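Report on one structure; see the data block that follows.
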Amino acid sequence: MSYDFWLLPAEHCQDAAAARAFALAQDEADEPATLIASNLAADISADLTEEQGFLSVTPLSGTGTAVFVPSPWRRIQDARDVMVPRAFAADYGMYDSQLDIVLSPRGSVAGRFSTSREGTFPTITPDLIDHFVGAMKVDDFVVVETSDEVYIQTTRIDIKAFAVEHRAGSADQHFGTEAVKAPEVVDMMKAWLTSGDVAITDQHSWTKTAL
(Lines give C-alpha, C1' and ligand atoms only; values in the text may rest on other atoms or scores of the structure.)
Protein backbone atom coordinates (compact mmCIF):
# COMPACT_ATOMS: atom_id res chain seq x y z
CA MET A 1 0.00 0.00 0.00
CA SER A 2 1.36 3.39 -0.98
CA TYR A 3 1.03 6.86 0.52
CA ASP A 4 -0.33 9.11 -2.21
CA PHE A 5 0.71 12.67 -2.94
CA TRP A 6 -1.04 14.64 -5.69
CA LEU A 7 0.77 17.51 -7.40
CA LEU A 8 -1.54 20.10 -8.97
CA PRO A 9 -1.32 23.60 -10.46
CA ALA A 10 -1.30 26.12 -7.61
CA GLU A 11 -4.41 27.84 -8.95
CA HIS A 12 -6.38 24.70 -7.98
CA CYS A 13 -4.87 24.47 -4.48
CA GLN A 14 -6.88 27.17 -2.70
CA ASP A 15 -7.83 24.60 -0.06
CA ALA A 16 -7.96 20.85 0.45
CA ALA A 17 -11.50 20.45 -0.89
CA ALA A 18 -10.70 22.30 -4.13
CA ALA A 19 -7.48 20.36 -4.63
CA ARG A 20 -9.15 17.01 -4.04
CA ALA A 21 -12.01 17.77 -6.43
CA PHE A 22 -9.66 18.93 -9.18
CA ALA A 23 -7.35 15.94 -8.77
CA LEU A 24 -10.22 13.47 -8.94
CA ALA A 25 -11.53 15.17 -12.08
CA GLN A 26 -8.09 14.93 -13.71
CA ASP A 27 -7.83 11.26 -12.79
CA GLU A 28 -11.28 10.50 -14.19
CA ALA A 29 -10.60 12.38 -17.45
CA ASP A 30 -7.34 10.42 -17.88
CA GLU A 31 -5.96 12.82 -20.49
CA PRO A 32 -2.35 12.93 -21.72
CA ALA A 33 0.01 14.89 -19.51
CA THR A 34 0.61 18.53 -20.27
CA LEU A 35 4.17 19.63 -20.90
CA ILE A 36 4.52 21.15 -17.42
CA ALA A 37 3.17 18.01 -15.74
CA SER A 38 5.46 15.80 -17.85
CA ASN A 39 8.49 17.90 -17.00
CA LEU A 40 7.65 17.90 -13.30
CA ALA A 41 7.17 14.12 -13.29
CA ALA A 42 10.48 13.64 -15.08
CA ASP A 43 12.26 16.04 -12.72
CA ILE A 44 11.09 14.11 -9.67
CA SER A 45 11.89 10.73 -11.24
CA ALA A 46 15.38 11.63 -12.41
CA ASP A 47 18.67 10.94 -10.70
CA LEU A 48 17.32 9.32 -7.54
CA THR A 49 19.75 6.88 -6.00
CA GLU A 50 18.49 3.69 -4.38
CA GLU A 51 18.87 5.33 -0.96
CA GLN A 52 16.89 8.39 -2.08
CA GLY A 53 14.21 6.37 -3.84
CA PHE A 54 10.75 7.20 -2.58
CA LEU A 55 8.61 6.19 -5.55
CA SER A 56 6.40 3.10 -5.58
CA VAL A 57 6.17 3.48 -9.36
CA THR A 58 8.92 4.82 -11.58
CA PRO A 59 9.24 6.72 -13.77
CA LEU A 60 6.35 8.98 -12.92
CA SER A 61 3.99 10.25 -15.58
CA GLY A 62 1.44 13.02 -15.54
CA THR A 63 -2.31 12.79 -16.04
CA GLY A 64 -3.61 15.97 -17.62
CA THR A 65 -2.15 18.75 -15.47
CA ALA A 66 -1.75 16.51 -12.42
CA VAL A 67 1.10 14.29 -11.24
CA PHE A 68 0.11 11.45 -8.91
CA VAL A 69 3.01 10.28 -6.75
CA PRO A 70 2.73 6.98 -4.85
CA SER A 71 5.36 6.53 -2.15
CA PRO A 72 6.08 3.71 0.34
CA TRP A 73 4.94 4.69 3.81
CA ARG A 74 8.47 4.43 5.18
CA ARG A 75 9.67 7.05 2.68
CA ILE A 76 7.01 9.72 3.23
CA GLN A 77 9.50 12.20 4.66
CA ASP A 78 11.92 11.75 1.76
CA ALA A 79 9.07 12.25 -0.70
CA ARG A 80 7.95 15.52 0.91
CA ASP A 81 11.46 16.90 1.13
CA VAL A 82 12.11 16.36 -2.58
CA MET A 83 8.67 17.00 -4.08
CA VAL A 84 7.56 20.18 -2.36
CA PRO A 85 10.43 22.44 -3.49
CA ARG A 86 10.24 21.07 -7.04
CA ALA A 87 6.48 21.45 -7.18
CA PHE A 88 6.65 25.01 -5.83
CA ALA A 89 9.30 25.91 -8.42
CA ALA A 90 6.81 24.88 -11.13
CA ASP A 91 3.97 26.85 -9.45
CA TYR A 92 2.39 23.58 -8.36
CA GLY A 93 1.00 22.66 -4.96
CA MET A 94 0.88 19.30 -3.20
CA TYR A 95 -2.29 17.68 -1.88
CA ASP A 96 -1.78 15.00 0.76
CA SER A 97 -4.79 12.74 0.37
CA GLN A 98 -4.15 10.86 3.62
CA LEU A 99 -3.97 13.96 5.85
CA ASP A 100 -6.39 15.95 3.65
CA ILE A 101 -4.12 18.98 3.61
CA VAL A 102 -2.72 21.05 0.78
CA LEU A 103 0.60 22.89 0.47
CA SER A 104 0.73 25.70 -2.06
CA PRO A 105 3.48 28.12 -3.09
CA ARG A 106 0.86 30.85 -2.84
CA GLY A 107 0.58 31.90 0.77
CA SER A 108 3.41 29.72 2.03
CA VAL A 109 6.35 30.98 4.10
CA ALA A 110 9.90 29.66 3.75
CA GLY A 111 10.95 27.51 6.68
CA ARG A 112 10.25 24.19 8.33
CA PHE A 113 7.13 22.92 10.07
CA SER A 114 7.74 20.06 12.51
CA THR A 115 5.22 17.79 14.21
CA SER A 116 5.37 15.00 16.76
CA ARG A 117 3.28 12.57 14.71
CA GLU A 118 3.77 13.31 11.02
CA GLY A 119 7.41 14.38 10.73
CA THR A 120 8.36 17.66 9.07
CA PHE A 121 7.23 19.76 6.13
CA PRO A 122 9.71 21.84 4.08
CA THR A 123 7.46 24.90 4.08
CA ILE A 124 5.05 26.67 6.42
CA THR A 125 1.41 27.48 5.70
CA PRO A 126 -1.47 28.71 7.86
CA ASP A 127 -3.36 25.52 6.95
CA LEU A 128 -0.63 23.38 8.53
CA ILE A 129 -0.96 25.36 11.74
CA ASP A 130 -4.76 24.94 11.72
CA HIS A 131 -4.57 21.22 11.00
CA PHE A 132 -1.90 20.12 13.44
CA VAL A 133 -2.45 22.44 16.40
CA GLY A 134 -6.16 21.72 16.30
CA ALA A 135 -5.50 17.97 16.50
CA MET A 136 -2.84 18.00 19.25
CA LYS A 137 -3.05 15.42 22.02
CA VAL A 138 -1.20 15.53 25.34
CA ASP A 139 2.60 15.57 24.79
CA ASP A 140 2.26 16.38 21.08
CA PHE A 141 4.32 19.27 19.78
CA VAL A 142 4.39 21.63 16.79
CA VAL A 143 7.36 23.80 15.80
CA VAL A 144 7.20 26.64 13.25
CA GLU A 145 10.77 27.61 12.32
CA THR A 146 11.58 30.34 9.81
CA SER A 147 15.39 30.17 10.21
CA ASP A 148 18.00 28.67 12.53
CA GLU A 149 17.04 29.40 16.13
CA VAL A 150 14.07 31.54 15.09
CA TYR A 151 10.84 29.76 15.87
CA ILE A 152 7.60 29.48 17.79
CA GLN A 153 6.62 26.13 19.25
CA THR A 154 3.93 24.56 21.38
CA THR A 155 3.49 21.41 23.42
CA ARG A 156 0.18 20.23 24.81
CA ILE A 157 0.87 19.90 28.54
CA ASP A 158 -2.50 18.42 29.46
CA ILE A 159 -6.10 18.46 28.34
CA LYS A 160 -6.52 22.12 29.39
CA ALA A 161 -3.14 23.71 28.71
CA PHE A 162 -0.55 24.36 26.04
CA ALA A 163 3.01 25.55 26.65
CA VAL A 164 4.05 28.08 23.99
CA GLU A 165 7.59 29.35 23.43
CA HIS A 166 9.19 31.68 20.92
CA ARG A 167 12.87 32.25 20.23
CA ALA A 168 14.63 35.00 18.27
CA GLY A 169 18.08 33.58 17.63
CA SER A 170 19.64 33.03 21.05
CA ALA A 171 18.93 31.75 24.56
CA ASP A 172 18.47 35.26 25.97
CA GLN A 173 15.68 35.80 23.44
CA HIS A 174 13.73 32.65 24.35
CA PHE A 175 10.40 33.22 26.10
CA GLY A 176 7.48 31.08 27.20
CA THR A 177 3.86 31.33 28.23
CA GLU A 178 0.78 29.14 28.50
CA ALA A 179 -2.50 29.04 26.61
CA VAL A 180 -5.72 27.26 27.42
CA LYS A 181 -7.28 26.49 24.05
CA ALA A 182 -6.00 25.37 20.65
CA PRO A 183 -7.58 28.32 18.75
CA GLU A 184 -5.61 30.72 20.96
CA VAL A 185 -2.37 28.92 20.07
CA VAL A 186 -3.30 28.93 16.39
CA ASP A 187 -3.87 32.70 16.49
CA MET A 188 -0.54 33.26 18.26
CA MET A 189 1.38 31.18 15.74
CA LYS A 190 -0.25 32.84 12.74
CA ALA A 191 0.38 36.32 14.16
CA TRP A 192 4.03 35.43 14.82
CA LEU A 193 4.37 34.02 11.31
CA THR A 194 3.03 37.24 9.81
CA SER A 195 4.70 39.85 11.99
CA GLY A 196 7.23 38.12 14.26
CA ASP A 197 7.65 38.56 18.01
CA VAL A 198 6.14 42.04 18.07
CA ALA A 199 2.75 40.59 17.14
CA ILE A 200 2.48 38.48 20.30
CA THR A 201 4.60 40.03 23.03
CA ASP A 202 1.99 42.60 24.09
CA GLN A 203 -0.91 40.18 24.03
CA HIS A 204 0.42 37.59 26.49
CA SER A 205 2.51 37.40 29.63
CA TRP A 206 5.88 35.99 28.58
CA THR A 207 8.67 34.77 30.86
CA LYS A 208 12.28 34.23 29.84
CA THR A 209 12.82 30.48 29.62
CA ALA A 210 15.79 28.85 31.34
CA LEU A 211 17.29 26.26 28.99
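The values are calculated or read from the model by the stated rules, or taken from the named source; none is laboratory data. Values in this document were obtained by computation on a predicted structure and should not be read as measured data. Don't worry about glycine lacking a Cβ; one is built from the backbone with ideal geometry, like all the others, and counts go over all protein chains shown. All accessible areas refer to the heavy atoms of the entire protein, side chains included, with ligands and DNA or RNA removed. Shrake-Rupley method; radii C 1.70, N 1.55, O 1.52, S 1.80 Å.
Take the Cα of residue 163, step 7 Å toward its Cβ, do the same at residue 77, and the gap between the two points is 2.2 nm. Quick one: dipole size for the chain, taken about the Cα centre, charges +1 on Lys/Arg Cβ and -1 on Asp/Glu Cβ, in debye to the nearest 20. Using only the charged Cβ atoms, the result is roughly 360 debye.
A Stokes-Einstein calculation at 20 °C with viscosity 1.002 mPa s, built on the Kirkwood radius of the chain over Cα pairs, returns a diffusion coefficient of 117 µm²/s. Its Kirkwood hydrodynamic radius, worked out from the mean inverse distance over all distinct Cα pairs, puts the stretch 1-82 at 13.1 Å. The mean sequence distance of close C-alpha pairs (under 8 Å, at least 6 residues apart), as a share of the length of the chain, puts its relative contact order at 16 percent. Per residue, the stretch 109-211 exposes 51 Å² of solvent-accessible protein surface, assessed with a 1.4 angstrom probe and all protein chains in place.
Compared with the dominant Cα axis of the chain, that is its longest principal axis, helix 182-195 is turned about 80°. With a simple spin-label model that places each label point 7 Å from the Cα along the Cα-to-Cβ direction, the separation between residue 89 and residue 138 comes to 4.6 nm. Here the stretch 43-118 exposes an accessible surface that is 49 percent carbon and sulfur, computed with a 1.4 Å probe and the other protein chains kept in place. 3J(HN,Hα) couplings calculated from phi for the stretch 34-41 with the Karplus curve 6.51 cos²θ - 1.76 cosθ + 1.60 (θ = phi - 60°) are, in sequence order, 6, 4, 5, 5, 4, 5, 5, 4 Hz; Gly and Pro show x. Three principal axis extents of the stretch 105-211 based on alpha-carbon atoms, in descending order, are 34, 30, 23 Å.
By the rule of a C-alpha distance below 13 Å, with chain neighbours fewer than 8 residues away ignored, the aspartates and glutamates paired with residue 181 are 130, 158. With a simple spin-label model that places each label point 7 Å from the Cα along the Cα-to-Cβ direction, the separation between residue 100 and residue 38 comes to 3.6 nm. For the stretch 169-211, a Kirkwood radius taken over Cα pairs fed into Stokes-Einstein (4 °C, viscosity 1.567 mPa s) yields D = 117 µm²/s.
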